[in-house]
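J.: Questions regarding the structure given below will be posed in turn.
The values are calculated or read from the model by the stated rules, or taken from the named source; none is laboratory data. Just so we're clear, the structure is a prediction, and the values are computed from it rather than from any experiment. Counting neighbours? That spans all protein chains shown, and the Cβs are built from the backbone with ideal geometry, glycine included. Ligands, DNA and RNA are excluded from the accessible area calculation, which covers all protein heavy atoms including side chains. Shrake-Rupley method; radii C 1.70, N 1.55, O 1.52, S 1.80 Å.
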Amino acid sequence: MQPQFSYASAILPILSLSLLLNAGAQTPAVPPMMVQVPYVSLAAGNTPGGVASTSKAAACTGYADAAGNNYGDGCPANQAGVDTPWGVTVDKWGNVYFSDETHIYVRVIYAGATTVNGVANPATTMIPAANASLGITTPLVAGDVYALAGGLTAGTVTTCNGGGSALSVDGSGCPATDSFLKGPYGPAVDSAGNVFIVDKSISLVYVVIANASSKAAQLVTLENPSVTSPKVGYIYAIVNGGGGYTDGVLAFGGKVHGPFGVAVDANENVYIADGTNNLVRMINGPGVTNSSGTSGICPANSCAPGVIHTIAGLYATCTSSSCTALAGVPAANISSLGTGFDAPMGIAVDASGNVYIGDNSAGRRPFLRPSE
């Protein structure tokens, strides 16, 4: 049997992924449970050999985005311009996804036309569809970096969603590079290649669709029934933003505040490090059918498919002497979920359903073990 990530070898001869994971390395600027890909690495950035540079501009001229910016998309990844990347994930086809915070993009290093267990790399069709308005050159090139989501600013005129209208909020329901991201973090990728993104600045959670018949596509329709046929390469909000706190409702009508991290398990349950609320939240996957939930950790009154609820942290803002309940939460609930967090940022889930949380300000790495 081939290793799950064996096809990463398609890009590793070209690129060398520097993840700051050397034993004993001191990296205090990187929050627990998050991996920062510096622009000086050979994986992405314009300084081959890992030599530091004061420039973050692209060494290769790729294709420009809708605003005329050129960060080297469509170029070998080690010749691209990258600025303040946070979070990295790799799918089973070997594609590498990361958030380019300053350039307000989520980007992908393409692994090539690989096949795993008879399934072709979904990024081969997702990337061009996400960049539909930019007309990028195909076929895609293994080892090149491409924009996946983001690139527009509020007020940009776009032909998506009715044609010729000003983009007022986020671009949800548009090709993913016709969307407005302000503070992208994450990302996370599921087994079908769908890419989940959180935006800490506008408090939204998104998914970019790679497979229109997948559980992620079902979740999009569940959250927003007006989207009957999610499209490959399009971006959709599954938590509709605005900041604040709302539990026990469909996630599209719920609220998170300053999310920093996202993870997704095999049942398409989505986990969110809700940084400003100091909570860990969960959106039930579309396959939840019983009162205990597929993970065993959602309360009975919040176990319907698509519902968002809290699985860890306090329902409160606490000082050393007292806790004040979040708006809409009974004061009696403020200690019902055990130890509180202080700016949870990184989050991951393993194959057994254990959820790992990086508690940034507290400097801890706790984990949850779902009920068995």
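J.: With a point put 7 Å past each Cα toward its Cβ, work out how far Val249 is from Ala212 in nm, to one decimal.
T.: For Val249 paired with Ala212, the spin-label model returns 3.1 nm.
J.: With every protein chain present, what accessible area does Phe180 have (1.4 Å probe, heavy atoms only), rounded to the nearest 10 Å²?
T.: Using a 1.4 Å probe on the heavy atoms, I get roughly 30 Å².
J.: Which residues in the range 73-95 have a backbone N closer than 13 Å to a point placed 7 Å from the Cα of Val141 along the Cα-to-Cβ line?
T.: 73-80
J.: Still on this structure, please answer the following. Can you order the peptides 81-91, 198-208, 245-255, 214-224 by their average number of other Cβ atoms within 10 Å per residue, highest first?
T.: Most protected by this proxy first, the peptides run 198-208, 214-224, 81-91, 245-255.
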